[in-house]
1. Note the direction-averaged projected area, equal to a quarter of the hull surface, for the Cα convex hull of region A:157-204, in nm².
2. For region B:43-157, what is the Kirkwood hydrodynamic radius in Å, using each pair of distinct C-alpha atoms?
3. When each pair of different Cα atoms in chain B is counted once in the 1/r mean, what is the Kirkwood radius in angstroms, to one decimal?
4. To the nearest Å, what is the center-to-center distance of region B:70-127 and region B:230-274, using C-alpha atoms only?
5. Is any helix in chain B, taking whole DSSP H runs, at least 30 angstrom long along its axis by alpha carbon and on average at least -0.5 on the Kyte-Doolittle scale, and which ones?
6. Counting only chymotrypsin sites (Phe, Trp or Tyr not before Pro) that sit in a DSSP loop (anything but H, G, I, E, B) with at most 16 other Cβ atoms within 10 Å, what is the longest stretch of chain B containing none of them?
7. How much FRET efficiency would the formula 1/(1 + (r/R0)^6) give for B:Leu308 and A:Val211, where r is the Cβ-Cβ distance and R0 is 35 Å, rounded to 0.05?
8. For region B:182-328, just run the numbers: alpha carbon Rg, then divide by 2.2 N^0.38 Å, N being how many residues it has.
Amino acid sequence: MTGVTKLRSSQSRTVADRLETWLTAAPVHFTVIALALLWTLPTAGLLISSLRQPEVLLETGWWTVLTPPLDLNQFHLGNYAAVLSGQGMAQAFLNSLIISIPATIMPIAIATFAAYALAWMQFPGRQILFIIIVGLLVVPLQMTLIPVLRAYNTLGLSGTFLGVWLAHTGYGMPLGIYLLRNYIGTLPRDLIEAAAVDGASHLKIFTRIVVPLSTPAIASFAVFQFLWVWNDLLVALVYLGGNQTVAPVTLVLRNLVGDRGQDWHLLTAGAFISMIVPLLVFFALQRYFVRGLLAGSVKG
Amino acid sequence: MQDSSNAIRLISAIAAIIFGSGGIIALFYLANMAVNRLPYRSRSRILPWVYMVPALTVLGAFLILPTIRTLIISFMDRQSTAFVGLDNYIFAFTDPNMLIAFRNNVLWLVLVTGISVGLGLIIAVLVDRVKYEPLAKALIFMPMAISFVGASVIWRFVYAYQPPGVEQIGLLNAIAVALGFEPIGWLVNKAVNNFALIAIMIWLQTGFAMVLLSSAVKGIPKDVIEAARIDGASELQIFWRITIPMISSTIVVVSTTIIVLVLKVFDIVFVMTGGNLDTDVIASRMIKEMFNFRNFGRGSAIAVILLLAVIPVMVVNIRRFQQQEVNR
């Protein structure tokens, strides 16, 4: 079989054959490039617009910047300054960081311990507990909003960071346990049993063997949870309510759409500020994100 | 003033990070030490629960108990003071606005799932043959990193409308005008506004479908395809007879994931139109009942309907998981 392919590829050096290969490949290239461009265009338009003067932005389409392509004077950073200071976007950016980092670390710590117990400890009800967790993966958050909000109002947790951290910890838990338990469960049995025979306690096995070996899975979940929390609107809207001093970027951007819907210089710059961190995380850690998706594509 | 409150916030965030990682690990250490003092037999019985309890507590407090509570509230009046039987459900299935929301949700489910999975599959197969595959994939996948709110702003700008005669700043209307049509109010015209919102979700989810399907396509053994080619199968035949059947389980997983996501998404509607002009979906109606009308009974009943809609997916997931456990 390989002989045939080799023969064919050596023959295809003639010009006519090359042209034929190129012609059959052309539609594929055309489709892929067209779709990739189509998918990028809306974001590119936003980015270019956010750098244009407010008045010009409302008069001509963003693609007109391409006609004098090297005229850099048509770009400025004033919109960013305006939305950062004037619309509270700087504060919101800080709030988003304050919300997202603990809301990522807390579930990781809790889920890793639980995943280890579910994978490597013997106790009654282990199987049924994990089945319940698999079931909880797809429960709509909407099912929990009203009772949790009422409890938060009684406990004074609504409008606080602690309330949002805890809520995200709870909501991220099923995916975290599911992802990590599946990964930790595939670690070599010999390794863990050998350590146990040598007298290592569960805690030692956990901290010295399981956690270091599970870093890829932990990283996948971390990227997933961080993007989820940073991009979340629902949890912030419900549990932080109208408290502007603690609002994350998504909430401020949403209010901006409502209040200043035609001020495109503010909206475009604000949207890009809200996207910059997830985009950086995404491009830097895409590998882990994809791995998490492949392992946990049951979450809704 | 602003600076000092920010300082307090930063300190509390750092405290939370310490509490979140260090604190919880310290807690495990302490509990572990306490358990270690017990005799061996009871130790091995209690230790698993030490590891499980924090997780079970948050799962119980934020998912299990609230779900049960919502089920009960859905049979009660707006302030949960008295039982009203099935009134909230009768409302949910008869109210004209709810019926529109159901219709829209069906549109969302069919179009988003069908188009993003179909397009994702086509891209996954095509991209396998080009050298710049990673770049093309990253560009199509990138919207996955963008929030629904961010995506809504991006697309509001694409859909921007100026009256006829004024230069259009929205890409879509500029194209429409260049082709000789009148500019269209994409978000206000009832014939197109739902499709305009659905397009955003397709833009966001196609990359997700493509990434999962692409890794499945790469998993197909090369000699199977090679053998089919030698037997004279056309590329199209290979696609329908080999690729699709061999990745069918991934197609099912991707489709169910997107179905669940579409059922729950409220952000796009909430930001773009506020659910006005017949664009509501079930999830956005729920938030409306809860916040705007303060009717917790109706809001809960709508949430329960969402839960019922995802139960088949839940069952499939659990079955699939049990299968995996058997195969291990």
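1. 4.6 nm²
2. 19.9 Å
3. Details: mean 1/r = 0.0410 Å⁻¹.
24.4 Å is the Kirkwood radius here.
4. Between the Cα centre of region B:70-127 and that of region B:230-274, the gap is 20 Å.
5. B:96-127, B:193-218, B:296-327
6. Within chain B, the longest run free of exposed chymotrypsin sites (Phe, Trp or Tyr not before Pro) spans B:1-131.
7. Here the calculated transfer efficiency is 0.35.
8. The reported ratio for this selection is 1.43.
Bear in mind that the values in this text are calculations on the coordinates, not laboratory data. What you see is a predicted model, and the numbers here were worked out from it, not measured in a lab. Every residue, glycine as well, gets a Cβ built from its backbone with ideal geometry; the counts of neighbours run over all protein chains shown.
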